[in-house]
1. Please give, to one decimal in nm, the separation of the simple spin-label points placed at residue B:308 and residue B:18, each 7 Å out from Cα toward the Cβ.
2. Among B:148, B:37, B:243, which one shows the highest mean-square fluctuation when chain B is modelled as a Gaussian network with alpha-carbon springs under 10 Å?
3. Got a sec? How would A:17, B:383 order by Cβ neighbour count within 10 Å, fewest to most?
4. Using only DSSP helix segments of four residues or longer, with each worth -39500 (n - 2.57), what per-residue ellipticity at 222 nm results for the protein assembly as shown after dividing by its residue count and rounding to 500?
5. Going by a ≥ b ≥ c, the root eigenvalues of the Cα gyration tensor, does chain B fall in the rounded group (a/c under 1.5), the prolate group (a/b larger than b/c) or the oblate group?
6. Taking N as the number of residues in the protein assembly as shown, what is its Cα Rg relative to 2.2 N^0.38 Å?
7. Out of B:326, B:203, B:230, any idea which swings most in a Gaussian network model of chain B, alpha carbons joined below 10 Å?
8. Sort A:67, B:407 by Cβ crowding within 10 Å, fewest neighbours at the top.
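Just so it is clear, none of the values below were taken in a lab; they were calculated from the coordinates. Just so you know, these numbers come straight off a predicted model, no measurement behind them. All Cβ positions, glycine included, derive from the backbone under ideal geometry; neighbour counts span all protein chains shown.
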């Protein structure tokens with residue numbers, strides 16, 4: 001469930017969630033069950049973030065308005 | 001010289017026929033021809049008074065000081081580029097030629113350029129707009145939107161040919177190659193630049209698919225950077241729902257756009273660094289967190305295991321087992337004891353029974369009868385007679401022997 005949820009997540013959200021999980025675990029106030037759940041979620045988030053970091057290079061695009069007044073992107077360079 | 005000649009001529013009763021007679025136009029033109037070449041390309045400093053903007057767009061005013069004044073005109077085509085609004089009482093420097101307006105016989109300064117004296121014209125305009133927008137609250141810190149820490153798409157409003165774009169693109173792709181950069185090319189200086197920049201900011205807001213905007217250009221003169229000091233840009237930036245990072249010129253250049261933007265970057269390169277996170281740094285942080293996560297979990301498991309072991313060893317944990325063992329012993333003991341008791345009781349019962357048996361044997365009336373005793377009962381009620389007082393004379397009795405019985409009548413009784 002956590003994995004499917006992270007698909008729609010932004011890198012920022014995932015990154016922040018991961019940080020808070022690490023903090024929660026560091027405080028050590030949660031139960032063992034909870035910590036196992038957090039650990040698993042943390043690992044999923046970490047994988048998601050590193051996938052994002054390793055995404056393919058994107059090229060510069062140009063924002064242009066077509067005849068219909070809609071915006072579209074044109075590759076540049 | 002003229003004064004003397006005129007006085008002499010008047011005194012000598014001169015006539016017009018002896019003199020050259022000018023038409024008004026001729027003399028005016030003559031004056032103009034003499035005057036105008038003498039007074040070209042002048043800077044005149046004075047205070048504006050009687051300032052009027054004609055519906056035609058021309059600007060009329062006087063420049064005066066404590067002792068004199070000169071009429072000035074600034075034609076529409078020239079005053080349109082003015083970056084401040086001339087007002088009465090304002091001290092200015094006017095540049096232009098003295099011209100003669102023949103129709104009214106007046107000379108005036110034909111102003112080609114006007115700037116506030118003391119402060120540069122652009123500075124004045126800058127300060128005026130800055131004050132105006134500040135009064136409207138457009139620079140308020142609580143208006144500032146946070147810049148997203150990890151934008152996935154960055155919009156860029158700058159010239160497609162400038163150094164700024166090159167700097168932003170190269171820094172962004174070095175830091176985080178997978179960040180999408182979208183350029184809306186604009187004219188960054190000259191006529192229409194401000195409106196183009198403002199429009200680009202608005203278009204990105206309609207497009208609505210970028211996380212943050214960088215608006216700016218590379219370094220240049222104050223005039224080159226001017227578009228970013230114009231109200232249209234300042235307002236479009238202030239109205240943007242997408243956070244805007246302003247990056248105009250060099251570190252020392254401040255623009256109005258900087259003040260209405262959510263963040264000012266000293267240069268376009270700096271903007272790219274502020275907006276686009278560093279991939280390797282992030283990867284490092286991420287790795288660090290992942291390690292911490294794993295280490296924490298390992299540590300926690302170790303801790304729990306340790307605690308389990310210590311429970312195992314602890315007196316408290318052992319007590320239940322001990323007690324069970326104790327109870328079992330107790331139980332065994334009890335059972336043993338109860339077994340013993342049962343045995344004893346059985347024996348006691350057996351002994352008792354033997355005694356009863358013995359007793360029963362001795363109590364058996366037959367045994368007594370066998371020894372020669374007999375039992376006498378009254379006939380009337382069958383009661384066993386144990387004393388002579390229970391019998392009356394002539395009473396019917398039955399006597400039981402060990403073997404058989406006999407009946408008879410009482411002859412007499414005696415007390416003992």
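1. Between residue B:308 and residue B:18, the label points sit 13.9 nm apart.
2. Fluctuation is largest for B:37.
3. So the ranking, lowest neighbour count to highest, is B:383, A:17.
4. Rounded to the nearest 500, the figure is -15500 deg cm²/dmol.
5. Judged from the Cα gyration tensor, chain B comes out prolate (a/c at least 1.5, a/b above b/c).
6. In units of the globular-protein estimate, the protein assembly as shown measures up at 2.65.
7. B:326
8. Final ranking by Cβ density, sparse to dense: A:67, B:407.
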